[in-house]
1. Taking +1 at the Cβ of each Lys and Arg and -1 at the Cβ of each Asp and Glu, which of Phe37, Gly16, Val98 sits farthest along the dipole of the chain towards its positive end, judged by Cα position relative to the Cα centre?
2. With every protein chain present, what is the per residue accessible area of region 1-77 (1.4 Å probe, Å²)?
3. Gain in length, Thr68 to Trp53, computed as 0.36 nm per residue apart minus the alpha-carbon separation, to one decimal in nm?
4. Give the residue from Thr76, Ser62, Val48 lying farthest towards the positive end of the charge dipole for region 48-125; charges sit on Cβ (+1 for Lys and Arg, -1 for Asp and Glu) and the dipole is referred to the Cα centre.
5. From largest accessible area down, sort Thr68, Thr90, Thr119; use a 1.4 Å probe on the protein chains.
6. Between Ser32, Ser70, Ser55, find the one with the highest GNM mean-square fluctuation for the chain; connect C-alpha pairs within less than 10 Å.
7. With the convex hull built on the Cα atoms of region 35-84, state its orientation-averaged projected area in nm².
8. Name the most mobile residue of Pro41, Pro54, Pro87, meaning the one with the largest mean-square fluctuation, in a Gaussian network model of the chain with Cα contacts below 10 Å.
Amino acid sequence: QVQLIESGGGLVQAGGFLRLSCAASGRTFSTSVMGWFRQVPGKERDFVAASRWPSSTFYSDSVKGRFTISRTNGGTMVFLQMNSRQPADTAVYYCAAVWGRSTSRYDVRGEYNYWGQGTQVTVSS
């Protein structure tokens, strides 16, 4: 009933601009928490950024000041703008959402109950 579809990944150069997008359908998400995680093979899926509609945002220390999360269309679209990218940012990026309950643990993977399929971002030096 809930779908999260990511797009915008690809092979990009370090330091350039890239924006990932995630479209939510099946339910409204205007009051939910949505976020982005990323995963490298062999490692855990790590928190990147989260948004609580309409104004609160949260970032991991590794991306603060470089990435920006935003939402439009009543909160059903979530974006991750990636500036000043580094090769260490290479990963599969996942859109995630919290639905049916509230949480303040925005950086905990287990708090999210809906996930997109992931989109690969590869940053070359």
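The values are calculated or read from the model by the stated rules, or taken from the named source; none is laboratory data. Computed from a predicted model, the values in this text were never measured in an experiment. No Cβ is skipped: glycine too gets one built from the backbone with ideal geometry, and neighbour counts run over all protein chains shown. Calculation scope for accessible area: heavy atoms of the full protein, side chains included, ligands and nucleic acids excluded. Shrake-Rupley method; radii C 1.70, N 1.55, O 1.52, S 1.80 Å.
1. About the Cα centre, the residue reaching furthest to the positive side is Val98.
2. Per-residue value: 54 Å².
3. Details: separation 15, 0.36 × 15 = 5.40 nm, distance 1.43 nm.
Contour length minus the Cα-Cα distance gives 4.0 nm.
4. Value computed over the given set: Thr76.
5. These residues rank, largest area first, as Thr68, Thr90, Thr119.
6. Ser55
7. On the way: hull surface 15.4 nm².
Its average projected convex-hull area is 3.9 nm².
8. Maximum fluctuation in the GNM of the chain, among the listed residues, is at Pro41.
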